[in-house]
Amino acid sequence: TLGLEDFRKILSGIPKRLARDVSTYNIALRYGMVEEHHEPIQFYFEKIDSTLYIENEAQYTEDGKYLISTTDTLFNKTNYDIDTNKGIINFMDKDN
């Protein structure tokens, strides 16, 4: 796997490699069909306010094997009725 900086370096080199290896890229560039941006690569998680985060919640049966409910970041709750003998979901419903 690549580290973040190595991945950033690979991404920033893509336009140069395309210009070198792909003639249709050069034609598209020449006729304004694509644009190159030479700003430093910044990932989404680096741009957002670091105090923002995504949170969700899940509740499980006492033995931890099966879901009872999940709640997403918008507080939409989904309840699960599980047949623990068969390990299947009988039904799900949403509390929204």
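The values are calculated or read from the model by the stated rules, or taken from the named source; none is laboratory data. From a predicted model like this one, the values you see are computed outputs, not experimental measurements. In this analysis, Cβ positions are derived from the backbone assuming ideal geometry, glycine residues included, and neighbour counts consider all displayed protein chains. We work out accessible area using only protein heavy atoms, side chains counted, and drop any ligands, DNA or RNA first. Shrake-Rupley method; radii C 1.70, N 1.55, O 1.52, S 1.80 Å.
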Completion exercise
Averaged per residue, the 1.4 Å probe accessible area of the chain, protein heavy atoms only, in Å², is roughly 88
Handout entry: the stretch 31-80 pair-distance distribution - Cα-Cα, 10 Å bins, rounded %
Key = 19, 24, 20, 18, 13, 5, 0
Handout entry: Those GluC sites (Glu not before Pro) in the stretch 1-80 that DSSP places in a loop and that have at most 11 other beta carbons within 10 Å
Key = Glu35, Glu36, Glu55, Glu62
Fill in the blank from the handout: Expected field for Leu74, accessible surface area in Å² at 1.4 Å probe radius, rounded to 10, holds 130
Fill in the blank from the handout: Under the 7 Å Cα-to-Cβ spin-label approximation, Arg8 and Gln42 lie apart by a distance in nanometres of 1.1
Handout entry: Rounded percent of accessible protein surface that carbon and sulfur make up, the stretch 34-96, 1.4 Å probe
Key = 51
Problem - Where chymotrypsin sites (Phe, Trp or Tyr not before Pro) fall in DSSP loop in the chain, at most 11 other Cβ within 10 Å - result: Tyr31, Phe43, Tyr53, Phe75
Practice task
Evaluate the Kirkwood expression for the hydrodynamic radius of the chain, namely the inverse of the mean inverse distance over all pairs of different C-alpha atoms, and round to one decimal in Å.
Solution key: 18.5
